[in-house]
Amino acid sequence: MAPCLSFFFLFLCSFSAIPANSLPTFFPGAAYQSLIKQAKISKPKLPFKTHYFPQTLDHFTFQPKSSKLFYQKYLINSDYWRKGAPIFVYTGNEGNIEWFAANTGFMLDIAPKFKALLVFIEHRFYGKSMPFGKDSYQSAKTLGYLNSQQALADFAVLITSLKQNLSSEASPVVVFGGSYGGMLAAWFRLKYPHIAIGALASSAPILQFDKLIPWSSFYDAVSQDFKDVSLNCYQVIKGSWAELEAMSTQKQALAELSKTFRTCKSLHSTASARDWLWTAFVYTAMVNYPTKADFMKPLPAYPVQKMCKIIDKIPSRATKLSRAFAAASLYYNYSRSENCFKIEHEVDGHGLHGWDWQTCTEMVMPMTCSKESMFPPSGFDYEEFAEQCRMKYGVSPRPHWITTEFGGERIQKVLKRFGSNIIFSNGMQDPWSRGGVLKNISSSIIALVTEKGAHHVDFRSATKKDPKWLIQLRKQEVEIIQKWLNEYYADL
């Protein structure tokens, strides 16, 4: 999911005192969408040139509106490229493409070795790639063109056209993607093997659908990350939800919570405080990188350990909720630049809000919280979930569509029979890894698994402080890609 998220997905873990319809949304690589506003943020200076491609609105029908064009954004770096050399393409996910380019330094690091052209393609309905401009999110009539199949076709058309314009049709293409983008990269290799010779899918939860894995896997993994660091830390967080629920029944609950959580403005809902804590713990587990990073928020190396250290240092006479708040504050204020927290006014600096639509249509990833989780036990109520989607968009989810389109219980046999040249990279510190491919499927569909890896950590720029296991992981990926290219040029 990239930076991505996030993702993340809509989940239904309910509190009796907090309405279920106010629950947060998690992505494979994105920030939560509860009561957030889109913000203008400073964009990093990147070594890419920006281009726009006239893209077809609907690749699969021949209705009059199908041929409408919109301008799809993509970034190019040709510093090391020569005609005939490979083209490395990042299949953009749920956010503006600069965000993913800034957090995928691995491709820039390896470009000189391969003399590769780098291309980052923005996903339709994100960033500047809006088919209907400011009206793109107006209704289901416009959002109906936002789905993974249309996105894959966008990539195919753009890549083919680009190669023709460069007069380099013989250049081999390798696609890269993290999180949801990793899912797209793997699916692209399956659907368009004549366009891409291989795919590197990092932290891609392609098995997170239907009943392919236990629904509690994600939150069990988040909880285990904290439990492995400190049992006390895990227990404090686990106990904080009951204290929050008890506080929510008091007369002055919102005023008391606003004080406890140091909010800039008084809270209007206890669910906002719950979502704020929940988000901090989930995303910190995802991005538990071995070096400092600012993918989701500015964070220190191994932030889960830092959070637990905060909890363990506070005397046990303090409430569990106050200790959980202190730990969560690390996620939102590691830079110590915030005097108060805008809990109900978080900003969306990456244009992620289209993911709500995707979770309400095809990206249905059921999640539950087991008794082993540090989150309150819960189940997944599909009817309640579907009703929320109908209320918001007027559409019903298709919970089995992804497994129908790309492969369900037999996905591994599908990959083995029809797929080749795919790397699935997963780190077991990342909760999304539980929905990933963790074992080799064939000699050319390879799973690279690291025990200490976090959310697409291999895609981050190399640093002098990288641990040996991370250096080795990237080395393996480079060697495999080199093998693909050698075989391609030999056949040529």
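The values are calculated or read from the model by the stated rules, or taken from the named source; none is laboratory data. Treat the numbers as computed from the prediction; the structure is a model and nothing was measured. Quick reminder, even Gly has a Cβ in these numbers, built from the backbone with ideal geometry, and neighbours come from all protein chains shown. Only protein heavy atoms, including side chains, enter the accessible area calculation; ligands, DNA and RNA are left aside. Shrake-Rupley method; radii C 1.70, N 1.55, O 1.52, S 1.80 Å.
Quick notes on this one:
- Dipole magnitude (debye, nearest 20) for the chain, charges at Cβ of Lys, Arg, Asp, Glu: 1020
- Note on Lys313: lysines with a C-alpha under 28 Å away, same-chain residues under 8 apart excluded, are Lys227, Lys238, Lys259, Lys292, Lys297, Lys342, Lys371, Lys452, Lys465.
- Per residue solvent-accessible surface (Å²) - the chain, probe of 1.4 Å: 42
- Lysines whose Cα lies under 21 Å from that of Lys128, excluding same-chain neighbours fewer than 8 positions away: Lys37, Lys40, Lys43, Lys45, Lys49, Lys65, Lys68, Lys73, Lys141
- Mean residue ellipticity (222 nm) of the chain, computed from DSSP H runs ≥ 4 via -39,500 (n - 2.57), nearest 500: -11500 deg cm²/dmol
- Neighbourhood charge, 13 Å Cβ-Cβ cut-off, centred on Gly92 and excluding it, Lys, Arg +1 and Asp, Glu -1: -1
- Arg390 exposes around 90 Å² of accessible area when a 1.4 Å probe is run over every protein chain in place.
- Sulfur and carbon atoms: percent of accessible area, the chain [1.4 Å]: 52
- Percent of beta bridges antiparallel (DSSP, the chain, rounded to nearest 5): 35
- Ranked order, Met296, Met183 - accessible area, probe 1.4 Å, largest first: Met296, Met183
- Here the dipole of segment 214-331 is about 440 debye; that uses its Cα centre as origin and unit charges on the Cβ of Lys and Arg (positive) and Asp and Glu (negative).
- In Hz, Karplus ³J(HN,Hα) per residue of segment 386-394 (6.51, -1.76, 1.60; θ = phi - 60°; x = Gly, Pro): 5, 5, 4, 5, 5, 5, 7, 10, x
- Relative to the Cα centre, the charge distribution of segment 45-114, modelled as +1 at Lys and Arg Cβ and -1 at Asp and Glu Cβ, gives a dipole magnitude of about 260 debye.
- Per residue, the average separation of C-alpha pairs within less than 8 Å and at least 6 apart gives segment 214-331 a relative contact order of 31 percent.
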